[in-house]
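S.K.: Here it is: the structure, laid out below.
Every number in this text was worked out from the coordinates using simple rules, so none of it is lab data. None of these values were measured; they are calculated from a predicted model. Glycine gets a Cβ as well: all are built from the backbone with ideal geometry, and neighbour counts include every protein chain shown.
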């Protein structure tokens, strides 16, 4: 028995670990330990250094990603194909690290002034990023689950980080309870998927689902898995946590959630959809279609009546998620797959810059006004023209006004959907078009307040923004403009069909 | 070797556990008990993994459960941390009370 | 051409940035942009009119084959002349209109320049996507221009309406352009013209494009935004809402008509919409008492006329449309300027409050009469040349279905045009002045030269081009050839001989005079008619209805879905997750499976189900925690039965740990929970529970059909065999965890680490710093700072 097994498995070798491919993760893991140790050693007055060091850890990991991307010769497959470092993974890793870096820049003064816990916060942040970076490469249900938990568990705590604030408490507990519930749904789906296909490896699952007709068990498994991820990307009807949590959590954390956590959910969903579910497109496509349509519509309609800017941005981020989701509803149509993948990645990159930027402006302004009401942004142009211009750029980009990053992202998404050419595609594109208009209404309303209104209390003293916030604004403004004016930069980056294992057929 | 056993009843049991968990999550208003219900649901997933692993003769299912168990333990710790922090501020809060953020 | 766009961008931004420093002089700076453009266009004109277009190209997104191609052909030249010519005059006029510095003036001037740049981009783009981008930029800048008066809520609403309708139309347009571009294999209009695509998708595409163009050019039923936009300052109205932006839709239709007029339903749609717009606009203009609104509805009517001329894809008729674009720009901008002067000097533009003007107003009155006469189509003015050409075009070359009907509509609507032009003139002269209203116009100051000058220039142009239309032959013929390469355009004449067209013109003028003489009776008829028509929803009501609907839906949805209640959130998720798949596989119910093979299982299962139910229902919290523990232990028992002892051991220890943790924390939490009405009513809970139960039952019955085991030895078996030689370990599970899945284990250890660190930080009472102040977004909290926890846990 053993002999025969060995004979069959003659070409199997024990997993040799390609350490170079894991360099970004290893830098982060070592970074976590350094931050922890420093937090113990540093005196209270020197704690600010931790943020700087966290920044360096993230940048170090970013450099590792860039080196891998430049020197890389195709995909590197580790752990028997359960962990793959390909172009797709590298681009998204870079995105996560950059987003996290901006969040660190934004958190710095917030944390110092709020008197929250410094060292622990950055440990949580880096751990969460580590989970995301692992998620980009995970090609196995168990790895995906572990990565998802690694990024979520710190996130639950970060939401509740402002302990002395009831809203932050509530944000934390809501996010946590709904989050673990969604994890349970996802995990149950994974267990059924494993039962239905006999493997936890995405490529094997893909092969098994393509083989023969789908059965009931497959359907349930696929639905549960997609719904589990839908929670992370706050797709309707799994979105309810998002506005509550975004409003309650500290603002930099909200920026992190709305960009990085959401992107991580999309990464997991894309890996699963493109590698494991090509055989189940009859199941996930209608599901994603409905979710995309509901998500953009609900997000927009609810955003219309918000008076708090963070809550409005929360709903806007829900609705943007619908747009990102849109191309995936046609991922299985013949010939559309690569365009859909490209569209989602491009959108995620553009969205990261413009949404982080929007939050950066909100943080910079509310440092002075101490209010999250949209009306408190009145007269911004008169006393902080720089911030007003930056805000205009971000909001116009979010609304999809050319020539900014958001426009190109939307255009790409529309194009991918119209490429599908089915009636369902045209209907979804029409829904998306209507939603773009509704969205423009509330983005424009904020810009009107910023440019046209008077300062509500007549206080027109200039806003002093700390250097890290200015740096964050510079990065995001630059990204939003450059990607919009020269979209061939991301178009090239996004033009990857290098999601290993996908589009094989 | 392990005999191939009909797993349907285990699946049904797991589904029932999942359902009970979901039901409890909805009807209970103590955040702590709600969390216990989520634990029930995680157990359902584990049971499915193990039942399927036995049937498919694939040890991967069992290893998956190890990961889930540890993650579940971590979730318990975090959940209790957040709960303690929230109950410190709002003694006796129920899930229905947690509705300050809305709209 | 890129330098022109860049120039507009730079000047626009510079003016906005310089802000208060410039004041009224901002308009002088702004005038540089159109002036340079005009000079440039004049320099290029000879070559362009010889049929040699100027082109520039910039590779923008090569991956998607999207370049920005600029192309100045004769039609574009004609539009550039209108945009920059009127633009220059408007800049000068604004110096007079804004006689006092006020905040926001420089912003207005800057945005006006930006708008002019965007508008130039629209007419210079040869590439559909680039055209769309500039198109949207005109919408955005016009939004800022209309809403510039921030104190006026009507201005805000109007600007919102404009951006809502034109923005929506823009997106529809984009969809249509993409469809056409994909079908044609190119996004360049000059290439599409040579080889227009056809097919079902193209038919859909052109309808979408037409809808986009109709919204921009205020065609029925999308015309409501244009009258509403009249709250904008008059220079803006004169520029955007008569001469330039509203013509963008006409421009696009004119460009595409040569390619698609014969395709699908293009021509029919254009004729129906154009004809209804022309008549409805005329009818409504006749009812207005506000001079500006009268002009706005008149513009709507004229835009419909242009659609009828430029959209049907017949070059003789299109040639008339080109003349009309020029004529309309001249007379309508001048009329708006006159209204602006009246409004500025008297404070009103309501014809019931005007009682005629003093002698110093003679020049303004002459401008008004000349321009209105041109609009009415009275010889020897420019408007007459255009109308004559149009009638002649439809008479001589309207050999397609429906052309005669359109001709009838044009004649009838032209009578209306005559009537409202007369109403305008009579209004200015005080014929409608209400004796009860205060008389301000007689004593009003005469406007200055800068203020009147631009409108005089336009009136002169109206007369000169009316008498000597041959001056424009080169431009109009060149533009016609640019649109229809195979065409042989005819020269323009003031008097083309005694023909049917002239006869129709006479009919129009006679009927118009009659209508004007009988105006009181006509007004009565109209009022009665409008009583009848009122129940029929207009575009405006439709727009308001849509807004109300969205708002109502928003409130309703928010109140029910997003009420902040956790149980409701959970119920929604559970229902979705259960019902979606249940519907999918209700058809696959299999036979009931065999009973379990080991009696021991039955006991375990019974314990588990009972304990699970207990944990979710029982009131006492510690009992619930213990029952959850019982479920875990029973689970461990099952694992043993299923041949996974290591797992059972792990489950056992973790279950013990969690139970202890739960009980520990519970011990310190308050015993009694506040009671409140639950957020979900009992029947609802039961219904959801029942749905979940049914879902599970169906699922279980169908699960029996699962795939049978995989045949080949799975990788895990290989792992089992390889664990000693490769992993150097006897315990398979250990080897898998640390070797084969080492990376996942690394992640998991990090999870534990982060959970421990974070939970400790959270559970500790908050530490405060001496220099503590409230963090951003944290509201002043209630005095809930006393710890609710007893000492041991702090």
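S.K.: Given R₀ = 41 Å, what would the calculated FRET efficiency be for residue A:213 paired with residue A:63, taking r from the Cβ atoms and rounding to 0.05?
M.R.: E between residue A:213 and residue A:63, to the nearest 0.05, is 0.25.
S.K.: Using only alpha-carbon positions, what ratio does the radius of gyration of region A:23-180 give when scaled by 2.2 N^0.38 Å?
M.R.: My calculation over the Cα atoms of region A:23-180 gives 1.09.
S.K.: Also: Quick check on region C:373-485: take the gyration tensor over C-alpha atoms, sort the square-rooted eigenvalues as a ≥ b ≥ c, and tell me if it's rounded (a/c under 1.5), prolate or oblate.
M.R.: It comes out oblate by the Cα gyration axes.
S.K.: I've got another one for you. Residue A:383 to residue A:34: FRET efficiency via 1/(1 + (r/R0)^6), r the Cβ-Cβ distance, R0 45 Å, to the nearest 0.05?
M.R.: Efficiency at R0 = 45 Å is approximately 0.65.
S.K.: Also: Averaged over peptide C:630-639, how many Cβ atoms belonging to another chain are found within 10 Å of each residue's Cβ?
M.R.: 4
S.K.: Could you work out [θ]222 nm for the protein assembly as shown from helices alone, using -39500 (n - 2.57) per DSSP H run of at least four and dividing by all its residues? Round to the nearest 500 deg cm²/dmol.
M.R.: So the helix-based figure for the protein assembly as shown works out to -24000 deg cm²/dmol.
S.K.: To continue, here is another question. Taking only the Cα atoms of region C:97-136, how large is their convex hull per residue, in Å³?
M.R.: Here the figure is 59 Å³ per residue.
S.K.: Where does each of C:549-556, A:76-83, A:315-322 land if you order them by average Cβ count within 10 Å, highest first?
M.R.: Ranked from most to least packed, the peptides come out as A:315-322, A:76-83, C:549-556.
S.K.: Quick check of the Kirkwood formula: for region C:13-111, what is the inverse mean of 1/r over all pairs of different Cα atoms, in Å?
M.R.: Mean inverse Cα-Cα distance, inverted, gives 15.5 Å.
S.K.: Please state, as a whole number in µm²/s, the translational diffusion coefficient that the Stokes-Einstein equation yields for region A:17-494 at 37 °C and 0.692 mPa s, with Rh defined as the Kirkwood radius across alpha carbon pairs.
M.R.: It diffuses with D of about 147 µm²/s by this estimate.
S.K.: Region B:22-64: D in µm²/s via Stokes-Einstein (Kirkwood Rh, Cα pairs, 10 °C, 1.306 mPa s)?
M.R.: For the chosen part, D equals 140 µm²/s.
S.K.: Cα gyration tensor of region A:45-96, axes a ≥ b ≥ c as square roots of the eigenvalues: rounded (a/c below 1.5), prolate (a/b > b/c) or oblate?
M.R.: Verdict is prolate for region A:45-96.
S.K.: Then there's this: Within region C:6-33, whose backbone N sits under 17 Å from a point 7 Å along Cα→Cβ of residue C:99?
M.R.: Taking a point 7 Å out along Cα→Cβ of residue C:99, the residues of region C:6-33 whose backbone N falls under 17 Å are C:24-25.
S.K.: Percentage of Cα-Cα pair distances in the protein assembly as shown greater than 60 Å, rounded to whole percent?
M.R.: Tail of the P(r) past 60 Å holds 25 percent of the pairs.
S.K.: Moving to a separate point now. Taking the alpha-carbon centroid of each part, what is the distance from region A:155-230 to region A:17-50 in angstrom?
M.R.: Between the Cα centre of region A:155-230 and that of region A:17-50, the gap is 30 Å.
S.K.: So if I take the centroid of the Cα atoms in region C:348-379 and the same for region C:485-518, what is the distance between those two points in Å?
M.R.: After rounding, the separation between the Cα centres reads 24 Å.
S.K.: Between residue A:56 and residue C:664, how many nm apart are label points set 7 Å from Cα along the C-beta direction?
M.R.: 3.7
S.K.: Label points 7 Å out from Cα along the Cβ direction at residue C:474 and residue A:467: separation in nm?
M.R.: 6.3
S.K.: Could I get the Rg over Rh figure for region C:192-233? Both from C-alpha atoms, Rh via Kirkwood, rounded to two places.
M.R.: Reported Rg/Rh (Cα atoms, Kirkwood Rh): 1.22.
S.K.: Peptide C:613-622: average number of partner chain Cβ atoms within 10 Å per residue?
M.R.: Mean partner shielding for this stretch: 5.
S.K.: Can you pull the Rg over Rh of region C:287-430, Cα-only, Kirkwood?
M.R.: 1.03
S.K.: Run the quick spin-label model on residue C:555 and residue C:506: label points 7 Å from Cα toward the beta carbon, then report their separation in nm to one decimal.
M.R.: The two pseudo-label positions are separated by 6.3 nm.
S.K.: OK, next. Pull out the extension gain between residue C:28 and residue C:157, defined as 0.36 nm times the separation in residues minus the alpha carbon to alpha carbon distance; nm, one decimal.
M.R.: 43.4 nm
S.K.: Zone of residue C:3 (label point 7 Å along Cα→Cβ, backbone N under 17 Å): which residues in region C:38-66?
M.R.: Only C:38-45, C:54-58 pass the distance filter.
S.K.: Still on this structure: When a/c reaches 1.5 or more, the comparison of a/b and b/c decides; with that in mind, is region C:341-411 rounded, prolate or oblate per its Cα gyration tensor?
M.R.: prolate
S.K.: Rg over Rh of region B:30-89, using C-alpha atoms and the Kirkwood radius, what does it come to?
M.R.: Reported Rg/Rh, Kirkwood definition of Rh: 1.15.
S.K.: Over 29 Å, how big is the tail of the calculated P(r) for region C:265-517, in percent of all Cα pairs?
M.R.: Percent of Cα pairs beyond 29 Å in region C:265-517: 29.
S.K.: What FRET efficiency, computed as 1/(1 + (r/R0)^6) with R0 = 25 Å and r the Cβ-Cβ distance, is obtained for residue C:352 and residue C:531, rounded to the nearest 0.05?
M.R.: 0.75
S.K.: Averaged over peptide A:235-247, how many Cβ atoms belonging to another chain are found within 10 Å of each residue's Cβ?
M.R.: 5
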